[in-house]
Amino acid sequence: MTTALLVGTGAVGGRAARQLIETPGIDRVLVTDRRGESSAALQAIMQVEAIEWAPPQALPAGVGVIAVAVPDDEDLAVARCALEHGVPFVSAADDHDAISALLGLDADARSAGVTLAGGCGLAPGLADVLARHAAAALDVVDAVHVARAGVAGPSSATVVRRARSERAVEWRDGSWQDARSAGPELVWFPDPIGALDCELAAGGVDLVVKAMPELSSATFRLAEPPARGVGERLKERITGRSGPEGWGATRVEVHGSRGLVRESIVYGVVERTAVAVGTVLALVAAHLSGASALGAPAPAGVHGAAALVDPVLFLAELGRRGVMAAAFEGVAVA
């Protein structure tokens, strides 16, 4: 009997909960939130159990995996608790500082034999798996370029706006360096999103580089979140929830060679952002718990989705649950 503990029941957490209860092998889903009424409301419409729990309290008995969908500055305390109890942990947090802090636990996690997974959302997360999938079709991989549009709620929008305004870095020739940017770049995402101006940002490909250290170049670009009206912002302030979620997308370009021929493979995903993030979070959690075999047993340490799942198995299961990836036709421009 596998018990999953889901921390956070907002837009992403609610969708992750639904995916977890529909996963064979997950027999019990416990949900908790800093707003107790939120987890209670989820219990009223789903077969989950609302509980009161927060680190550093001891974990409920029998928990086999912890999935976290909370603001990025709150997930590290849960990760430390998971490490202390020897329980696998997976977070959808995509902030550069949050991922860096989680990577700081890598040595302790390896020593304890525990897997901690970070950045398991749209990008980073699904984008990382797409990069590994494309890389498998090439003999040599030189570069990975990821772009993302869309947010999963007010906290996510805040992270994106901050990332676009802060110093951007890119992976170049074996080290992180200040990004060489000439300003926004027009990036074409799958319809119905289309073309958007995207800025270079820090993070987003940290875990791809960790999984694919042979890369000579890796960059991450973010589109500006859509502006929200006064009425929507007031509603968010009163309820603590975002309005109707919008569409999100990721575009992943992988450049390399097959034989003597240079090739570029471009994948894209478009879906409601919270749906995509919640589904990825739940699938990685199910894999770490042993309830779903989506790849080889997870290695100890801190990793992203690309290092934890088999891309073919993962993408097939993701598609079965309604989140589809597609290949761009034509020639990608580096």
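Would you please name the residue that is nearest to V160 (Cα to Cα), looking only at residues in the stretch 95-104 that are open to solvent by 40 Å² or more (accessible area, probe 1.4 Å) and not small (G, A, S)?
My answer is H96.
Among the strands (runs of 3 or more DSSP E) lying completely within the stretch 253-332, list those that include at least 3 residues that are under 30 Å from L30 (Cβ atoms) and not charged (D, E, K, R).
Numbers: elements: 261-272, 301-303, 325-327.
Counting at least 3 such residues, we get 301-303.
Quick one: which residue in P184, P124 is out of contact with any Pro (no Cβ under 8 Å at 6 or more places or on another chain) and open to solvent by 40 Å² or more (accessible area, probe 1.4 Å)?
Just one listed residue meets the conditions, P184.
Restricting to the stretch 156-173, name every residue that is farther than 29 Å from S91 by Cβ and crowded, with 19+ Cβ neighbours inside 10 Å.
Matches in the stretch 156-173: none.
Under 6 Å by Cβ, and 6 or more places apart or on different chains, what pairs join a residue from the stretch 1-18 that is within 18 Å of R272 (Cα to Cα) with one that is among the hydroxyl-bearing types (S, T, Y) and crowded, with 24+ Cβ neighbours inside 10 Å?
Sorted first by the residue in the stretch 1-18, then by its partner, the pairs are T9/S39.
Consider L130 carefully, then state whether it is assigned to a helix (DSSP H, G or I) and touching a residue at least 60 places away in the same chain (Cβ under 8 Å). Write out each step before concluding.
Details: assigned to a helix (DSSP H, G or I): yes; touching a residue at least 60 places away in the same chain (Cβ under 8 Å): yes.
It is true that L130 is assigned to a helix (DSSP H, G or I) and touching a residue at least 60 places away in the same chain (Cβ under 8 Å).
W176 - would you say it is open to solvent by 20 Å² or more (accessible area, probe 1.4 Å) and in contact (Cβ under 8 Å) with a residue 12 or more places away in the chain?
The answer is no for W176.
Taking the condition open to solvent by 20 Å² or more (accessible area, probe 1.4 Å) and aliphatic (A, V, I, L, M), does A136 pass?
Values: open to solvent by 20 Å² or more (accessible area, probe 1.4 Å): yes; aliphatic (A, V, I, L, M): yes.
Answer is yes for this residue.
Where the second residue is of a type outside the set (D, E) and part of a loop (DSSP other than H, G, I, E, B) and the first is under 13 Å from G13 (Cβ atoms) and open to solvent by 40 Å² or more (accessible area, probe 1.4 Å) and lies in the stretch 32-61, which pairs have Cβ atoms under 7 Å and are six or more apart or on separate chains?
R35/G240
Are any of the residues in the stretch 93-107 free of Cβ contacts under 8 Å to residues at least 40 places away in the same chain and of a type in the set (S, T, Y)?
No, the stretch 93-107 has no match at all.
Here are the criteria: (1) more than 30 Å from S257 (Cβ to Cβ); (2) in contact (Cβ under 8 Å) with a residue 12 or more places away in the chain; (3) open to solvent by less than 20 Å² (accessible area, probe 1.4 Å). Tell me which single one A143 does not satisfy.
Unmet for A143, out of (1) more than 30 Å from S257 (Cβ to Cβ); (2) in contact (Cβ under 8 Å) with a residue 12 or more places away in the chain; (3) open to solvent by less than 20 Å² (accessible area, probe 1.4 Å): (1).
crowded, with 23+ Cβ neighbours inside 10 Å and not charged (D, E, K, R), is that true of A92?
Here the answer is yes, as A92 does meet what is asked.
Only residues in the stretch 62-78 that are closer than 15 Å to G14 by Cα count as the first member; pair them with residues that are open to solvent by 30 Å² or more (accessible area, probe 1.4 Å) and assigned to a helix (DSSP H, G or I), Cβ under 7 angstrom, at least 6 apart or cross-chain, and list the lot.
P71/S155
The values are calculated or read from the model by the stated rules, or taken from the named source; none is laboratory data. Source: prediction; values computed, not measured. Cβ: placed from backbone, ideal geometry, glycine included. Neighbour counts: every protein chain shown. Only protein heavy atoms, including side chains, enter the accessible area calculation; ligands, DNA and RNA are left aside. Shrake-Rupley method; radii C 1.70, N 1.55, O 1.52, S 1.80 Å.
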